[in-house]
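The values are calculated or read from the model by the stated rules, or taken from the named source; none is laboratory data. Because the structure is predicted, anything quoted here is derived from the model rather than measured. Please note: Cβ atoms are built from the backbone with ideal geometry, for glycine as well, and neighbour counts cover all protein chains shown. To get the accessible areas, we keep the full protein, side chains included, count just its heavy atoms, and leave off ligands, DNA and RNA. Shrake-Rupley method; radii C 1.70, N 1.55, O 1.52, S 1.80 Å.
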Protein chains: 2
Amino acid sequence: MQQAAARFADYLSRNRLRMTRERRVILEQVLAVGKHFDVDDLLVHMRNGGLRASRATLYRTLAHLVDSGMVHKVEMAKGQARYEPMLGRHHHDHLVCLKCGEIIEFESPEVERIQEEVCRRKRFTMTGHTHQIRGYCRRCSSR
Amino acid sequence: MQQAAARFADYLSRNRLRMTRERRVILEQVLAVGKHFDVDDLLVHMRNGGLRASRATLYRTLAHLVDSGMVHKVEMAKGQARYEPMLGRHHHDHLVCLKCGEIIEFESPEVERIQEEVCRRKRFTMTGHTHQIRGYCRRCSSR
DNA sequence: CCCATAATTGAGACTGAGTTTCAGTCTACG
DNA sequence: CGTAGACTGAAACTCAGTCTCAATTATGGG
């Protein structure tokens with residue numbers, strides 16, 4: 001947390017942005033909710049803790065956190081975005097359960113390698129990717 | 001086209017749905033615009049041809065075409081959906097140029113294989129997936 | 001061939017996620 | 001400190017897509 005705050009502060013100052021109370025609170029809460037939350041989860045979590053920030057500020061701050069690389073944005077179908085803190089975590093992709101909404105992570109260096117190969121072949125400069133597998137998790141499948 | 005119409009008619013009757021003028025026109029236009037269009041492309045294309053259907057009907061009919069497997073829906077970031085006819089075409093994924101919007105297709109049986117392997121390991125029943133690589137196409141990269 | 005029934009349509013209201021605006025507030029450099 | 005310029009919240013707005021409902025139309029049975 002100390003470290004995260006420092007890193008965010010660093011990002012902010014490098015971009016002539018300011019460390020405000022709202023940004024401090026939001027960073028702290030993002031770390032507290034843990035992985036795979038959406039803006040409403042965060043809002044509820046904050047209110048439960050007696051804290052608040054407007055939706056607009058939440059979106060604005062999340063954008064900065066994403067920009068700084070401290071948080072990843074995961075685009076789900078129909079434009080519902082979820083976020084996950086990436087503090088020293090590895091890149092990974094997701095299995096998404098269509099029934100219960102569970103999100104399971106997976107990583108595959110092999111897929112990464114193939115992606116790079118594909119880009120090389122197509123002369124494409126990759127800046128990012130999304131790889132999502134949809135279906136039913138173990139629990140939901142068996143019912 | 002004949003074939004496509006027959007296939008759609010078949011899908012409709014199997015689902016107690018009706019073959020209306022609007023649906024006929026939309027199917028025809030979907031095939032005419034070719035690959036990777038969004039709803040506005042389709043609407044414009046139709047108006048240029050002196051044809052029309054309401055937005056609501058367009059969305060409803062596209063949903064049926066997707067359901068019948070004749071068209072695939074490609075979810076882009078921020079909930080902008082694009083569609084592509086799949087008449088006897090192979091499954092594939094996409095490279096998306098962030099600058100000019102070009103969409104390049106790629107397929108990788110190897111990735112498919114890995115996906116299945118991942119699902120097996122996680123006891124996950126896959127019903128579909130999205131695999132998109134974002135970046136800059138050859139032309140946009142070199143500028 | 002015609003009718004009744006149920007599906008379909010279009011216009012426009014509505015939704016939900018996210019963005020923008022703008023006046024008042026606050027941060028932090030000098 | 002003071003102040004330029006960044007930040008914030010409320011509310012208006014945008015955008016893609018969905019829903020409602022009254023009027024229209026396809027279709028299967030007689």
_Where Rh is the Kirkwood radius over Cα pairs, Rg/Rh for the range B:93-141_ = 1.13
*State the cysteines of chain B left without a partner when partners are defined as other cysteines whose beta carbon lies under 4.7 Å away.*
B:Cys100, B:Cys119, B:Cys140
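Report the percentage of all Cα-Cα pairs in the protein assembly as shown whose separation exceeds 25 Å, rounded to a whole percent. Walk me through the numbers before you get to the answer.
On the way: 23959 of 40755 pairs.
Tail of the P(r) past 25 Å holds 59 percent of the pairs.
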*asked:* What does the structure give for A:74-82 when I average, per residue, the other chain Cβ atoms found within 10 Å of the residue Cβ?
replied: 3
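Tally Lys/Arg at +1 and Asp/Glu at -1 over every other residue whose Cβ is under 11 Å from the Cβ of A:Glu75; what's the total?
Details: positive: A:Lys73, A:Lys78, A:Arg82, B:Lys78, B:Arg134; negative: B:Glu75.
With Lys, Arg at +1 and Asp, Glu at -1, the net is +4.
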*At a 1.4 Å probe, what is the % contribution of carbon and sulfur to the accessible area of the protein assembly as shown?*
47 percent
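Quantify how strongly other chains surround peptide A:85-95 by giving the mean number of their Cβ atoms within 10 Å of each of its Cβ atoms. Show your work: numbers first, answer last.
Numbers: counts 0, 0, 0, 0, 0, 0, 0, 0, 5, 0, 8.
Partner-chain Cβ atoms within 10 Å, mean over residues of A:85-95: 1.
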*Enter the mean number of other protein chain beta carbons within 10 Å of the beta carbon of each residue in B:100-111, as an integer.*
3
_Checking an interface number: how much accessible area is buried between A and B, summed over both chains, with a 1.4 Å probe, in Å² rounded to 100?_
3100 Å²
_Relative contact order [Cα under 8 Å, 6+ residues apart], chain B, whole percent_ = 19 percent
*To one decimal in nm, how far is B:Gln2 from the same spot in the other copies, if labels go 7 Å from Cα toward Cβ? Please give the shortest first.*
7.8
_Across the identical copies, how the B:Leu51 labels are spaced - nm, sorted shortest first, 7 Å along Cα→Cβ_ = 5.5
*Report, in deg cm²/dmol and to the nearest 500, the calculated mean residue ellipticity at 222 nm for chain B, where each DSSP H run with n ≥ 4 adds -39500 (n - 2.57) and the sum is divided by the residue count.*
-14000 deg cm²/dmol
*If one puts a single equal scatterer on every Cα of chain B and applies the Debye formula without solvent, what log₁₀ I(q)/I(0) results at q = 0.14, 0.17, 0.19 Å⁻¹?*
-0.78, -1.05, -1.19
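According to the square roots a ≥ b ≥ c of the eigenvalues of the Cα gyration tensor, what is the shape class of the range A:2-85, taking rounded for a/c under 1.5, prolate for a/b larger than b/c otherwise, and oblate for the remainder? Don't jump to the answer; show the numbers that get you there.
Numbers: a/c = 1.69, a/b = 1.25, b/c = 1.35.
Note, shape of the range A:2-85 comes out oblate.
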*Mind checking which lysines have their C-alpha under 17 Å from A:Lys78, skipping anything on the same chain fewer than 8 residues away?*
A:Lys99, B:Lys73, B:Lys78
*Rotational relation A to B, axis-closest Cβ in chain A, residue and distance rounded to whole Å*: A:Gly79, 1
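Solvent-accessible area per residue for chain A at a 1.4 Å probe radius, Å²?
Working: 8280 Å² over 143 residues.
Here the per-residue accessible area is 58 Å².
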